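One structure is given here, and the rest of the page talks about it.
The values are calculated or read from the model by the stated rules, or taken from the named source; none is laboratory data. Treat the numbers as computed from the prediction; the structure is a model and nothing was measured. The accessibility values were calculated without ligands, DNA or RNA, using every heavy atom of the protein model including side chains. Shrake-Rupley method; radii C 1.70, N 1.55, O 1.52, S 1.80 Å.
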Amino acid sequence: MKVLVIGSGGREHALAWSVAQSREVSEVLVTPGNPGTSSEQKVRNITLNISDHAAIEEVVKTESIDLTIIGPEQPIVEGLGDFLTEQGHKCLAPTTFAAQLEGSKSFAKEFMKRHKIPTANAFVTRNIDEACAHIRRSDFPIVIKAEGLAAGKGVVVATSLNQALNAVRNMLSGRAFGDAASTIVIEDYLDGEEASFIVLTDGEHTLPFATSQDHKPVYDGDKGPNTGGMGAYSPAPVIDDSVYSKIMERIVSPTIQGMQEENNPCQGFLYVGLMICNGDPYVVEYNCRFGDPEAQPVLMRLQSDFAMRCLAATDAGGLKGQQLKFKKNCTVAIVLASPGYPGKYKTNLPIKGLNANVPGTKVFHAGTKEDQGRIVTNGGRVLTVVSSGPTVELAQRNAYARAKKIQWSGVHMRTDIGHRAIAREREKTT
């Protein structure tokens with residue numbers, strides 16, 4: 001079996017690496033890929049514009065691809081999955097309509113309201129005066145979100161009136177996120193602990209992945225602006241057996257069933273960003289693809305044949321009776337970012353230390369490229385270093401030991417990824 005993975009980031013590197021572990025897979029193609037994907041066994045890069053649907057279908061036909069997996073959100077929202085499916089090709093991705101769960105926060109809010117799925121109260125508007133008037137009536141903190149896709153950065157948690165008003169004006173003026181913020185969603189602040197819950201679905205049945213927790217703010221102590229994610233770890237101890245059951249019963253099952261009832265089954269990966277408040281889960285956001293950087297630590301723990309489960313999910317009912325098994329260890333992922341990220345940052349900075357080795361660790365490439373035989377930076381989030389261990393603390397220690405061996409001018413990483421889980425581990429031993 002041959003598999004095509006669409007995308008070039010750390011998530012796509014992890015997807016390609018995991019798919020290639022299957023004995024049933026002879027080759028994995030990645031477009032456009034990165035230097036990390038091309039270095040994996042059984043993996044080959046093809047340079048294509050992922051917005052060129054006809055060119056991608058031509059590769060699917062000429063390379064005899066059995067399954068295409070779309071990694072990033074943009075080609076999903078642009079309808080690449082619809083196009084390939086209509087041409088008779090197996091593609092793991094939701095339809096464009098189902099992808100509105102991620103692509104339109106107002107759609108997601110209305111959907112959750114219809115199906116009684118717990119989430120924060122929200123006010124949707126595209127009018128600056130309306131937004132400012134609503135904020136002046138609100139309690140703080142308050143959350144302001146760009147309506148559309150903003151690479152994980154279109155969220156401001158405002159703690160003061162001036163900060164909230166400035167965020168609204170920046171978004172609705174088009175200066176902050178362009179068309180993605182032509183409409184904004186203003187939400188009540190949920191006071192709790194965030195977690196990520198990802199499932200693979202055929203539109204009816206679901207296979208939950210191991211739980212994880214992301215760290216979005218750019219600086220230690222969860223300070224500074226939001227990013228696409230500065231690190232993650234798995235499992236997330238905030239999701240105990242009781243919370244797990246509530247997530248499945250109150251959120252995942254009603255979401256999958258609700259999309260079915262509305263004649264738009266959600267097939268592929270469904271990511272639910274959660275806030276756990278006093279043991280009760282609330283939806284912060286939906287994504288219609290695997291999380292990044294959650295994919296890296298979660299897939300490092302996976303024991304089941306990932307490729308065959310993905311193929312089964314492309315058929316209605318294909319996941320019935322199946323399951324996903326995970327190692328009992330813990331994994332921690334550290335993102336190494338360019339200086340200035342999530343704002344303006346430099347590229348083409350030579351990377352040193354990629355060949356340094358620490359047992360039990362792996363480096364996934366994200367924003368890298370090859371330039372005259374050297375690997376250089378080519379994005380905001382450049383690399384993700386992942387390590388496994390019997391505890392989160394030991395996994396974290398190994399991950400940082402490897403990460404600190406990698407250098408480029410101004411490299412930035414948080415130094416506290418996994419701090420909540422580590423605090424819990426230490427409490428248990430005292």
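By DSSP, what percent of the beta bridges with both residues in the chain are antiparallel, rounded to the nearest 5?
The antiparallel proportion sits near 80 percent.
In whole Å and largest first, what semi-axes does the C-alpha gyration tensor of the chain yield when each eigenvalue is scaled by 5 and square-rooted? If you can, show how the numbers build up before the last one.
Numbers: eigenvalues 180, 139, 107 Å².
Working through the eigenvalues yields semi-axes of 30, 26, 23 Å.
Report the gain in length on full extension from Lys113 to Glu261: 0.36 nm times residue separation, minus Cα-Cα distance, nm rounded to one decimal.
Details: separation 148, 0.36 × 148 = 53.28 nm, distance 1.45 nm.
Separation in residues times 0.36 nm, less the Cα-Cα distance, equals 51.8 nm.
What does the convex hull of the Cα atoms of segment 20-170 come to per residue, in Å³, rounded to a whole number?
Working: hull volume 26.2 nm³, N = 151.
Output value, Cα hull per residue: 173 Å³.
Any chance you could list the semi-axes, whole Å, largest first, of the equivalent ellipsoid that the Cα gyration tensor gives for segment 304-430, using √(5λ)? Display every interim value, and only then the final one.
Details: eigenvalues 178, 111, 37 Å².
After scaling each eigenvalue by five and taking roots: 30, 24, 14 Å.
Of all the C-alpha pairs in segment 49-117, what % are more than 14 Å from each other?
60
For n ≥ 4 DSSP H runs only, could you compute -39500 (n - 2.57) per run for the chain, divide by its residues and tell me the 222 nm figure to the nearest 500? Provide the component values of the computation, followed by the final result.
On the way: 15 runs with 126 residues, N = 430.
Result for the chain, helices only: -8000 deg cm²/dmol.
For Asp139 and Gln303 in the same chain, what is the full-extension length gain: residue separation times 0.36 nm, less their Cα-Cα distance, in nm?
Working: separation 164, 0.36 × 164 = 59.04 nm, distance 4.60 nm.
Roughly 54.4 nm would be gained on extension.
I'd like the carbon and sulfur percentage of the solvent accessible area for segment 317-412, probe radius 1.4 Å, heavy atoms only, ligands and nucleic acids excluded. Don't skip to the end; give the middle numbers.
Details: 2100 of 4610 Å².
Carbon and sulfur together cover 46 percent of it.
Given 0.36 nm per residue, what is the gain on full extension from Glu427 to Lys246 after removing their alpha carbon distance, in nm?
62.6 nm
When the Kirkwood radius is taken over all Cα pairs of segment 283-369, what Stokes-Einstein diffusion coefficient follows at 4 °C and 1.567 mPa s, in µm²/s? Intermediate results must be reported in sequence, preceding the final value.
Values: Rh = 16.5 Å.
The Stokes-Einstein estimate is 79 µm²/s.
Two decimals is fine: what's Rg over Rh for segment 167-320, C-alpha atoms, Kirkwood radius as Rh? Kindly include the intermediate steps, with their values, before the conclusion.
Values: Rg = 16.7 Å, Rh = 16.9 Å.
Rounded to two decimals, Rg/Rh equals 0.99.
Which one of Glu262, Glu110, Glu187 has the biggest mean-square fluctuation once the chain is modelled by GNM with Cα springs under 10 Å?
Of the options given, Glu262 has the highest mean-square fluctuation.
Compute the whole-percent fraction of alpha carbon pairs in segment 1-52 spaced more than 16 Å apart. Could the numbers behind the result be given before it?
Values: 358 of 1326 pairs.
Of the Cα pairs, 27 percent sit more than 16 Å apart.
Roughly how many Å² is the accessible area per residue of the chain, as a whole number, for a 1.4 Å probe? Display every interim value, and only then the final one.
Numbers: 17810 Å² over 430 residues.
Accessible area per residue, the chain: 41 Å².
Which residue, Gly418, Gly340, Gly291, tops the fluctuation ranking in a GNM of the chain built on C-alpha contacts under 10 Å?
Gly340
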